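Have a look at the structure below, then the notes.
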Amino acid sequence: MAEHFKLTIDGQTVVAEEGMTILDAALASNIYIPHLCNHPDLTPVGACRMCGVEVDGGRMVMSCMTPAKANIDVVTDSPDIEKSRKVTMKLMIMDHNMDCLACEAAEKCDLLRVASYLGIQPDQLENMRPLGRDLPLDTSNPFFQFDANKCILCGICVRTCEEIVGLSALGYINRGFKTVVGTFGNKGFVDSVCESCGECVVRCPVGALVPKKPGIATREVRTICAYCGVGCGMYVGVKGDQIVSVRGDRESPVNLGSLCVKGRYGFNYINHPDRLTSPLIKKDGEFVKASWDEALALIASKFKESKGNKFAALTSAKCTNEDNYLVQKFTRLVMETNTIDHCARL
Ligand code: FES
């Protein structure tokens, strides 16, 4: 069991757990420290310099990188801290496309949230020179787009792809002012090893990585992904009778909030006009709609005629273990053949 200890943050005694950073300890005790590049799922890197705090009488440290220790005294706000954060924030804003009204991130944008926390006003930016970057939008991925002009180089997408997805499809390109996040060889996302899972998109704190079709749901339903037998937990966002968004369920022990491309983005088939909604039976060379009773009776009669070597079954990863088990039992015992296989072997 992790060891617990006490420290002081802004004069308040808080309890922290071994392994926590000062930022973790503060957030766990509902003490806000502005931060942009920290994410609870990822290794901290101290890139944004926003989470500075003073420890033990004035030594400034990045709270996301500094382990919480017993009996230390942390100050999260002081004239020096505020000055440092404001300068850093102004530089970040100067390097960022601030067309907030047209941005998909809108009220979810952490940059906007921290800027407003710091009380940055437009007149404070007047004597600063915007970098005026005009980098091309990468719309090559079918599900999301990347706007490097809005990227704050927090590295959350890079670390997500490396630490959670295990692909390292993203990295840093160029050096100095010209540094941007991109794929190997600065190709479009679609030409990289990216698997379009969208894990980077859900963690992007600004509007740099956003879904192409952001759906605004009126309610969410907790469910399990229907794509394969893994059984990832998810919340589907519903508007009317349509699914408009999907997000992973962090409470699910199966996927801890992660999803693959199919689970996250592959829901258009549900309301697609080409989707089969009833069984079809071929009559006189044409498929015609049939009832389930009619279809099942036909299948049963054909099965009766096809026992032994005339029969083979191919099961599916979309089915549960139990379904697959039953199909193999049915194949061996009822259909009297061992000719059974599973799509996972293909
Ligand atoms: Fe600590 Fe970015 S959150 S440096």
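The values are calculated or read from the model by the stated rules, or taken from the named source; none is laboratory data. Remember, it's a predicted structure, so these values are computed and weren't measured experimentally. All Cβ positions, glycine included, derive from the backbone under ideal geometry; neighbour counts span all protein chains shown.
Per-structure values
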{"read-out": "Candidates E322, E294 - the one that is farther than 30 Å from V230 by Cβ and acidic (D, E)", "value": "E294"}
{"read-out": "Complete set of residues in region 149-168 that are outside any helix (DSSP H, G or I) and more than 20 Å from G46 (Cβ to Cβ)", "value": "G166, L167, S168"}
{"read-out": "Answer from L91, L36, L42 - the residue that is of a type in the set (A, V, I, L, M), crowded, with 16+ Cβ neighbours inside 10 Å, more than 10 Å from the ligand (Cβ to nearest atom) and on the phi < 0 side of the Ramachandran plot", "value": "L42"}
{"read-out": "All positions within region 142-167 that are within 14 Å of the chain's Cα centre (by Cα), aromatic (F, W, Y) and buried (at least 21 other Cβ atoms within 10 Å of the Cβ)", "value": "F144"}
{"read-out": "Residues of region 54-77 classified as closer than 17 Å to A28 by Cα and either charged (D, E, K, R) or in contact with a helix residue (DSSP H, G or I) (Cβ under 6 Å, 6 or more places away or on another chain) (or both), total", "value": "7"}
{"read-out": "Total residues in region 204-226, condition buried (at least 19 other Cβ atoms within 10 Å of the Cβ) and in contact (Cβ under 8 Å) with a residue 40 or more places away in the chain", "value": "7"}
{"read-out": "Among residues of region 57-73, those that are within 16 Å of the ligand (Cβ to nearest atom) and either acidic (D, E) or touching a residue at least 12 places away in the same chain (Cβ under 8 Å) (or both), counted", "value": "9"}
{"read-out": "Residue count, region 45-56 (criterion: more than 20 Å from C157 (Cβ to Cβ) and either part of a loop (DSSP other than H, G, I, E, B) or within 6 Å of the ligand (Cβ to nearest atom) (or both))", "value": "1"}
{"read-out": "Residue check, E82 modelled with pLDDT of 95 or more, part of a helix (DSSP H, G or I) and surrounded by 13 or more Cβ atoms within 10 Å (Cβ to Cβ)", "value": "yes"}
{"read-out": "Inter-residue pairs, beta-carbon under 9 Å, first closer than 13 Å to Y117 by Cα and in region 22-39, second assigned to a helix (DSSP H, G or I) and within 9 Å of the ligand (Cβ to nearest atom), 6+ apart", "value": "I33/L23; H35/L23"}
{"read-out": "Given (1) part of a loop (DSSP other than H, G, I, E, B); (2) surrounded by 11 or more Cβ atoms within 10 Å (Cβ to Cβ); (3) charged (D, E, K, R), number of the condition D274 does not satisfy", "value": "(2)"}
{"read-out": "Output for region 169-190, where each listed residue is modelled with pLDDT of 95 or more and in a loop (DSSP other than H, G, I, E, B)", "value": "A169"}
